Amino acid sequence: MRFLPVLLLAWLLGLGASSCSRKVQVASYKELEWKDDVYFLRGQPFTGLALETHKDGKPKGEYPLVDGRFHGVVKEWWDNGTLSTETHFEKGRRHGLNRYWTRKGGLMKEQVYDQDHSVSEKHYKVE
């Protein structure tokens, strides 16, 4: 009976691995073409993960897209490697909690969106 939690965890991890077996298409953000509010790759609305890097190769942006529109959590980083923004999107619209950080990593703002409309905003004192 004491091994039940371990077996349950192993079973859940196995399910997660099998459901994640679909390959996510990855493209450079620079390869995408923006037209009529949709991102295209080789003439087709892009579904996958677009990545952007700073000149030194460090991550600059991670953009999940479905049918050419942001969908999921968009993350962007300062050139020093510190996370600068986390923006939640649903079908191309900001939706949910979004966070903004300073170059030094201090949380400076949280903003909640409902289908691209700001419904609340909280600013933090940053030193």
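Think of each Lys and Arg Cβ as +1 and each Asp and Glu Cβ as -1; about the Cα centre, that makes the dipole of the range 24-123 roughly 300 debye.
Using the Cβ-Cβ distance between Ser28 and Lys104 with R0 set to 35 Å, the FRET efficiency works out to roughly 0.75. Per residue, the average separation of C-alpha pairs within less than 8 Å and at least 6 apart gives the range 24-123 a relative contact order of 15 percent. Here's the list of aspartates and glutamates a cross-link from Lys122 could span, going by alpha-carbon distance under 19 Å and ignoring same-chain residues fewer than 8 apart: Glu86, Glu110, Asp114. Taking a Cβ cut-off of under 15 Å around Val112, the surrounding Lys, Arg, Asp and Glu residues balance to a net charge of -1, with basic ones at +1 and acidic ones at -1.
A simple packing score, the average count of other Cβ atoms within 10 Å per residue, orders the peptides 107-116, 80-89 as 80-89, 107-116, with the highest score first. Exposure proxy ranking for Trp78, Trp101, Trp34, based on other Cβ atoms within 10 angstrom of each Cβ and starting from the fewest, stands as Trp34, Trp78, Trp101.
Counting charges near His54 (Lys, Arg +1; Asp, Glu -1) among other residues having Cβ under 15 Å from its Cβ returns a value of +1. Considering only Cα atoms, the convex hull volume of the range 24-123 works out to 91 Å³ per residue. For the residue pairs Lys60/Lys109; Lys60/Lys91; Lys23/Lys91; Lys35/Lys125; Lys35/Lys104, the alpha carbons lie more than 29 Å apart in Lys35/Lys125; Lys35/Lys104.
Bear in mind these aren't lab numbers, they're just calculated from the coordinates by the rules spelled out. Nothing here was measured: the structure is a model prediction, and the numbers come from that model. We place every Cβ from the backbone using ideal geometry, glycine too, and count neighbours over all the protein chains shown.
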